[in-house]
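Notes for the one structure printed next.
The values are calculated or read from the model by the stated rules, or taken from the named source; none is laboratory data. The structure presented is a predicted model; accordingly, all values stated were derived computationally and were not measured. When we count neighbours, we look across all protein chains shown, and the Cβ atoms used for this are built from the backbone with ideal geometry, even at glycine. Ligands, DNA and RNA are stripped out before the accessible areas are found, and what is left, the full protein with its side chains, is counted by its heavy atoms. Shrake-Rupley method; radii C 1.70, N 1.55, O 1.52, S 1.80 Å.
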Amino acid sequence: MSGVNGGNQDVDIDLGRVISAVWERKARILAATIVAAAVALVGTSLMKPSYKSETRMLIESRSPNLSGGDAAAQANDPLLDSLNITSQAQLLQSTDLIKRVARDLNLAKLKEFDPAAQSFLPDPLVLIGLKQDPMKLDPEDRVIKEFRDKLNVYAVENSRVIAIEFSSRDPKLAAEIPNRMAQAYLQIQSGAKLDTHSETAKWLEPEIASLTSKVKEAEKKVANYRSSNGLFQTTETNSFSTQQLNDISTELARIRGERANAEARAENVRTALKAGRASDTLSDVVGSQVIQRLKEAEANLQAQIADSSTSLLEGHPRLKGLRGQLSGIRQQIESETKKILASLDNEAEMSRIRERQLMGQLNGLKADSAKAGEEEVGLRALEREAAAQRQLLETYLARYREASSRLEGNSSPADARVVSKAVEPSEPYFPKIIPIVIVVSLATLIFGCLIVIVTELFSGRALRPSGVRNADNDIMLEPAASAPAAAAPLPVHQMQAEAVRFDRPEPAQENARNAAALAYAKIAEQSLSEKEGGEEDAVAEVDDRGFTIGSVAHYLQRHDVPVAIGISPGGDEGSTATVMLARELAERGRTVVLVDMTGSAAPTQMMVENPKLPGITDLLCGETAFGDAIHPDRLSDAHIIPHGASDPARAMRGVDRLSMIIDALADAYDLVLIECGPAEIAGISRLTRNAMAEIVLSVPGFKDEEVAELVTDFEAAGYGNLLVMAQTADRHSPRPGKRRAA
């Protein structure tokens with residue numbers, strides 16, 4: 001977090017200073033916390049305890065079914081939805097119900113429910129006119145007001161249960177009042193049902209009498225109309241004319257069938273006679289008794305002729321007589337067959353005559369039926385009116401009988417029942433001594449810490465200048481010809497155990513020893529300025545040389561540097577120091593990724609077990625994915641992009657992509673550390689396009705003159721922002737347990 005001071009300089013909040021200020025005042029904060037806890041303990045102990053109890057009621061339809069079967073819900077049954085449940089909860093808080101309970105329990109005589117009447121001292125707010133005098137109100141209104149403050153009625157979520165909750169200083173009263181309210185509610189609801197049934201019965205009595213007379217008149221009109229128009233009914237659905245029409249139609253169909261049958265039989269006999277077929281093949285002829293007797297006589301004569309032919313000659317008179325008798329019998333059979341044919345023709349003719357008669361009657365009945373149909377239109381209208389009046393009368397009679405049967409008190413229960421009665425509570429619900437003391441103590445502790453923090457912030461002691469670098473805040477070195485005492489004074493916030501920065505001395509022909517002496521003099525001046533400015537102890541101590549990994553790590557962390565370029569003129573020894581710098585920053589909680597761009601791949605060999613892992617050369621060649629090129633360090637929380645397995649010469653053709661890769665890494669990590677090994681000054685120009693990049697010279701084991709000469713060479717090439725890392729650890733305050741390069 002940063003702000004702006006009076007001189008328009010960006011500042012940050014020094015969290016270390018804030019925590020130190022709170023720690024310095026811990027005794028006062030703890031004392032205030034203890035006092036607040038004691039006051040809360042005493043205050044809650046002196047409070048009068050309040051008890052709370054609860055009664056629960058289930059809202060359900062309790063209308064008795066007097067029909068003896070599974071009848072449908074009555075029209076006046078309550079609709080048990082969420083709105084109905086909420087409405088019943090509001091009824092339980094009605095003034096009439098509260099008044100009834102308050103009168104039954106005589107609550108007006110209790111000080112808890114009428115404190116104004118029982119108090120002997122006047123209320124100061126009433127005296128100064130800020131509050132209305134409660135004594136001007138009716139005593140019952142004062143009791144109702146206190147009653148409502150202690151009452152809580154609510155519907156239990158996702159159910160049809162209503163809870164009646166009441167608090168009181170008397171545990172017996174806390175349990176009795178909810179039970180009394182539930183009892184009074186059930187009585188009121190039951191009474192409302194009785195009133196409804198009574199009013200219904202009173203209204204139905206004259207309506208039933210009026211409907212009875214109307215039904216009689218309607219039925220009389222139906223009977224008179226039917227008799228005057230001859231619309232007599234044989235059944236409930238058929239009239240007399242309709243019944244006659246149906247009977248004649250049935251008889252006509254039967255006669256037509258008989259006529260057809262007689263004509264068919266006569267035609268069969270006639271055809272057989274014309275064809276000369278034997279008459280005994282016809283069913284009507286064979287069925288005649290006369291024909292049967294003639295056939296028997298014929299058979300006897302034939303038998304006698306056959307018997308006589310064996311003993312008599314053909315001309316014998318007996319044979320002639322028998323043959324004459326046989327011829328006469330056959331003539332009789334033929335004559336009888338013709339009679340049967342004439343009889344069948346007579347039967348068919350009779351059927352045709354009967355059919356014509358029935359058709360005449362049917363036509364007459366059709367005309368009568370059409371006329372009766374027109375007259376039945378008026379009859380049906382009268383019958384509908386009579387049926388409607390009769391149905392309404394029957395409905396009213398059923399309702400009247402039901403309402404009359406429910407006029408007794410126990411016949412109409414309320415649409416609710418108590419499912420849980422309130423019991424006398426054994427423990428008060430307020431005050432809860434232990435929770436109140438804990439909350440007050442924590443609130444006092446937090447409030448005290450906030451007061452200290454706000455005080456430190458407003459006093460300016462917890463603010464420090466921001467690490468934003470610009471032309472006004474950079475540490476400048478005067479030309480080498482100047483004496484150390486004449487160097488420009490440095491801001492205090494840039495002197496806390498940070499790596500020394502060298503900014504653009506004039507390109508004078510200074511020798512290496514003078515440049516080194518000037519750098520060491522600047523370190524001494526920083527230490528002196530820290531002591532004179534009253535700053536806090538530095539995180540990393542600055543020794544007589546000061547160019548340690550810890551000081552460089554502190555500077556990079558302090559100024560939140562996003563990109564740093566490591567140059568190791570000494571080869572792998574400098575690369576080892578860069579690896580130690582990355583691990584040092586990772587131990588300080590920074591997210592660090594080291595990019596191995598050395599020719600020897602020394603950082604890769606130290607930080608990963610397999611040196612053939614995909615890395616920066618593979619990324620530049622486009623042969624691997626971005627995420628596959630990032631690997632964890634085997635000894636710390638830092639990450640590394642190894643050297644890679646692709647051809648370095650081929651990778652350098654895609655070096656233009658390097659800036660995009662670095663920008664992407666800078667968005668994901670706190671610090672991107674690029675180790676270039678013993679790279680030449682001209683070879684790092686493409687890596688320093690980012691203005692926020694820092695150059696770290698890793699020169700462990702180098703002499704002071706050599707360090708100064710390197711610094712001079714880089715500044716001559718235009719690189720003024722340099723960090724020198726000449727030692728691997730502080731001399732005076734080594735940090736045990738640090739990871740070293742493996």
With a 1.4 angstrom probe the carbon and sulfur portion of accessible area for region 240-408, in percent, totals 52
Pseudo-spin-label distance SER87 to ASP195, built 7 Å along Cα→Cβ, given in nm, is 1.5
The FRET efficiency for LEU319 and LYS366, from their Cβ-Cβ distance with R0 = 56 Å and rounded to 0.05, is 0.20
Label model pair ASP656, TYR429: point-to-point distance (7 angstrom along the Cα→beta-carbon line) in nm is 7.7
For LYS703, the lysines lying under 30 Å Cα to Cα, once residues fewer than eight places off in the same chain are dropped, come out as LYS522, LYS531, LYS738
Here the gain from full extension of MET359 to ALA27, 0.36 nm per residue of separation minus their alpha-carbon distance, amounts to 106.6 nm
When the charge dipole of region 549-725 is computed with +1 at the Cβ of Lys and Arg and -1 at the Cβ of Asp and Glu, the Cα pointing farthest to the positive end, of VAL552, LEU665, THR604, is that of LEU665
Excluding residues fewer than 8 positions from LYS136 in its own chain, the lysines with Cα under 16 Å of it are LYS145
Here the relative contact order (percent) of region 240-408, from C-alpha pairs under 8 Å and at least 6 apart, is 37
Subtracting the Cα-Cα distance of ILE453 and LEU80 from 0.36 nm times their residue separation yields 128.5 nm
Counting only protein heavy atoms with a 1.4 Å probe and every protein chain in place, the carbon and sulfur fraction of the accessible surface of region 549-649 in whole percent equals 49
Measuring from its Cα centre, region 549-725 shows a charge dipole (+1 at each Lys and Arg Cβ, -1 at each Asp and Glu Cβ) which, in debye to the nearest 20, is 320
For the table LYS48/LYS421; LYS26/LYS48; LYS111/LYS432; LYS26/LYS52; LYS221/LYS366, the rows whose alpha-carbon distance is greater than 32 Å are LYS26/LYS48; LYS26/LYS52
In nm, the gap between the two label points placed 7 Å beyond Cα toward Cβ at ASP104 and SER61 is 2.8
At the level of C-alpha centres, the distance separating region 215-229 and region 156-177, in angstrom, is 67
Per residue, accessible area of region 240-408 with a 1.4 Å probe, heavy atoms of protein chains only, in Å², comes to 63
Contour minus Cα-Cα span, ARG17 to ASN610, at 0.36 nm per residue, comes to 209.0 nm
Expressed per residue, the solvent accessible area of region 549-725 in Å² (1.4 Å probe) is about 38
Listed by chain and number, the lysines with an alpha carbon less than 25 angstrom from that of LYS214, same-chain partners under 8 positions apart left out, are LYS202
